[in-house]
Amino acid sequence: METLLQDIRYGWRMLARNPGFTAIAVLTLAIGIGASTAIFSVVNTVLLRPLPYRQPDELVVVSETLPGMSADEIGVAAGEYQDYRDRNRSFSQVAAYESNGFNLTGVGQPLRVNAAALSASAFPLLGVSPELGRGFAQEEDRYGSSDVVVLSHALWEHQYSGDAHILGKTVKLDEKPFTVIGVMPASFHFPFDRAPLSEMADLWVPIAFAPDRLSPGNRTQEFGVGLIGRLKPGVSREQAQNDMERIATEFMQQDGYSGTGRVVPRAYAFAARTVEKARPLVVLLILAVACVLVIAWANVANLLLARASHRSREMALRSALGANPARIVRQCLVESVLLSVCGAGAGIVVALASVAGLRQFGPADVPRLHDVTLHPVVLLFTLALSVVTAILFGFVPAWRLAHVTPQTCLKEAAQAGPARGTQKLQNSVATIEIAAALVLLISGGLLLRSFVRLLESPFGFDPDGVFVMRTLFDDARYPDPAKRQAVQKELLDRLSHLRGVTSVAAASHLPLSDTRQIGFRLEHAAADDYHWAENSLVSPGYFHSMGISLLEGRDFTEQDRPDTPNLAVISEKMAKQFFRGRSPVGERFQWGDRNFFTIAGVAADVHISALDADPPLMIYTAMCQVESGASGRNAFVLRSRGEAEGLFQAVQQQIWSVDKDLPLYNTTTLAKLVSESLAQRRFTVLLLGSFAIIAVILAATGLFGVISYLVAERTREFGVRMALGAERSSIYWQVLKRAGALAIGGCGFGLVLSLFASRLLQTSLYQVSRFDWPTIVVVPSLLLGVALFAAYWPARRATKVDPMVALRYE
């Protein structure tokens, strides 16, 4: 221990004597370790940390697809849920859930709240109990039973100030009184674990299926019920999948499923499904930060190799005085550990800042990103990373120094050039740095080109100057459709007279915001030949307000009333797919079990779910002509030249002047919806681009160090050459040629690595090949230019060597 303490004190003195070397090494390690720690914090929270439920690996979600309608993950029908629940042999417990929403009134301003309807079995299945009160009883999960509600921790705190006596009190949801029976823990977000914070449930109510939803005739008319089960001991997910397929085959035969209405069940692991969309992004970040860490290690290794070369005489003298190789290795490794500890300390500061930035600016659709912290597991990871770093970049220089003999040291000092072994090792490390930097640059370049292509592709609508405000006419407050439609028209008329507003319309569902699908059948198709399409109920003027081109036919008008024939406007994609070159105007289709709709027009295709997803089949129906479950949803769309803040306040005043209890929520602009749709791609490009820039700076610094070391070691050689008549320009180009050779070797190696790395980007690219030649040509050229620039100053310094001074110092 005494010798170890002596080594530590000596190590501190040596680092203090070289503040420039120490600062650069610590800063380099801080960037590498800090970025790695921050990304591992994300991995730990998003991918590794289990969900806050009892044995979450046993949870399985069952959803259905309709292959004949090209519809995926549509949930199950209410009647099908009962069949899966009662006939399965795989689950010990089964629960149902649905997303919902309510107007919360009676406490301050009217508020629109997100909600979920759960079966009484849900809380016991998940193994989570309310922190206050209780969950739902079996008798409360029956249609027509007492109305009870369980609040989320966030709603309880923000809306009710954490009232400890909230149990038993009444809240009004869609004008109906509900009794509060419980408050859930802050960590409970089911079934919205993978949703942004703004979309998570504020409260839960019993699902209590109405009798008409359980009737056999509704099985293929309405899906959307979520089903979650807990596997029995010894039962695998594959066995559960086979079990669900058996049950589906039985009830399809029993209830006469046919044609495109046949369903295929799918059993998913709940934990994996929660993070499936975020997994590619997280894996990409892991690989990017690994490249940065490798470059940081290589940089520090080069610094230590250069420093070891300068300390060879010192170590030779130690060896001559009796120090054995193990003693010298230990001394050098102690110094490396001290550097690593300092780098880890600074890295934790970098990691804290990075995590705060990720939580603040990261995309909302990455699940649990807002929960990312420096967990103790992450700190252990940082400690392990520091130890590995010390061993990796410290052992080779230590080993070389420990085996330096006095004779070898004197022989190398007499040479007119550097030691070949050290030079080769440094060149190899610099080549690896450049290769890793090129991989990041090409990956970032491909994603950037993909992002630009996405921005340049037509959205199908014009987002500039369009403002969106939502409200909801609940059935309890507006049971009479005629009264609701009169209020909707009055509001549209009032909003159209606001200053700066050029057009106004309303819709039940908007692009990039929410979706609704309906099944349709063409008039002359087979009785069971149904297909799936997106749907929105819209008012007259919607296409003009949204900037959607009407390609054929006409828009809806005020004359399209409930007592006139049902009309629809379809998308261009639907017209091309089903009418093949002939005009669809005047053709008819059936929506579910409703009367036929006549096609009045064709509108341009619009991206609905995301900008990087192909436009789907789309059917627009008249808001004042059709009654459905979406009729109460209202998104007011205003095209205006005014400022957002003033316009939102004016709209709020107009709506509340008509009905003071109508909630106004999700006020935004169409441009912001576009921006939010691009959030994850933009975040990926920015983060990967930042890593690439850091990598290039570190690689350029490493190359600068290698060339500077080369020039310093060859000072006497250059002096002799110039004394013998060599031109300064030849010395200059000789140094640049060396740097160019390293850069070309690194770029060649990096291109090979990029061919493999780009395979991971395939799912993230939009209209860009992973063999995109402009990127593959431009990026290496750019990196080669940076490498030559980094070598310029050492090369210039080499030409300034005075032959007499160089020879005299030697």
Requested in this report: With 5 Å bins from zero, work out the P(r) of segment 522-663 over every alpha carbon pair and list the percent per bin.
Outcome: 2, 8, 16, 20, 19, 15, 9, 6, 4, 2, 0
Report task. Report the Stokes-Einstein translational diffusion coefficient (µm² s⁻¹, integer) for segment 106-243, Rh taken as the Kirkwood radius over Cα pairs, at 4 °C with viscosity 1.567 mPa s. Result -> 78
Query - Along each principal axis, Cα extent of segment 744-798, largest first, Å - result: 48, 18, 15
Query raised in the report: When the C-alpha atoms of segment 506-564 are aligned to their principal axes, what extent does each axis show, in angstrom, from largest down?
Result: 37, 30, 24
Query - Residues with amide H under 5 Å from that of Leu551, placed H, sequence gap 5 or more - result: Val602, Ala603, Ala604
Report summary line: Set Lys176/Lys489; Lys172/Lys489; Lys424/Lys800; Lys172/Lys660; Lys169/Lys483, cut-off 21 Å on Cα-Cα distance; pairs above it are Lys176/Lys489; Lys172/Lys489; Lys424/Lys800; Lys169/Lys483
**Report entry** Rh by Kirkwood over Cα pairs, then Stokes-Einstein D for segment 436-515 at 1.567 mPa s and 4 °C, µm²/s
**Finding:** 76
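Hey, got the dipole for segment 116-213? About the Cα centre, +1 on K and R Cβ, -1 on D and E Cβ, debye to the nearest 20?
Its charge dipole is roughly 100 debye.
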Query raised in the report: Can you list the aspartates and glutamates whose alpha carbon is less than 19 Å from that of Lys232, not counting same-chain residues fewer than 8 positions off?
Result: Asp57, Glu58, Asp83, Asp86, Asp243, Glu245
Requested in this report: Please sort by residue number the trypsin sites (Lys or Arg not before Pro) in segment 548-606 whose DSSP state is loop and whose Cβ has at most 16 other Cβ atoms within 10 Å.
Outcome: Arg554, Arg580, Arg582, Arg594
Query raised in the report: Could you list log10 I(q)/I(0) for segment 589-662 at q = 0.23, 0.28 Å⁻¹, which the Debye formula gives when each Cα is one point scatterer?
Result: -1.15, -1.30
Report task. Counting residues in segment 542-583 as N, plug N into 2.2 N^0.38 Å and put the Cα Rg over that result. Result -> 1.34
Report summary line: Rounded to one decimal in Å, the inverse mean reciprocal Cα-Cα distance for segment 440-596, i.e. its Kirkwood radius, is 18.8
Report summary line: For segment 541-643, whose charge dipole is built from +1 on Lys and Arg Cβ atoms and -1 on Asp and Glu Cβ atoms, the candidate among Ser545, Val585, Leu638 with its Cα farthest towards the positive end is Val585
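Can you tell me which of 57-70, 375-388, 494-507 comes out highest on packing, and rank the rest after it, using the mean Cβ neighbours within 10 Å?
Answer by packing, highest mean first, reads 57-70, 494-507, 375-388.
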Query - Enclosed volume per residue, in Å³, of the convex hull spanned by Cα atoms of segment 206-263 - result: 115
Report summary line: Applying the gyration tensor rule to the Cα atoms of segment 119-186 (axes a ≥ b ≥ c; rounded if a/c under 1.5, else prolate if a/b exceeds b/c, else oblate), the class is oblate
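FYI, it's all coordinate maths here, none of it is from the lab. If you're wondering where the values come from, they're calculated on a predicted model, not measured in any experiment. Neighbour counts are summed over all protein chains in view; Cβ atoms, including those assigned to glycine, are modelled from backbone coordinates with ideal geometry.
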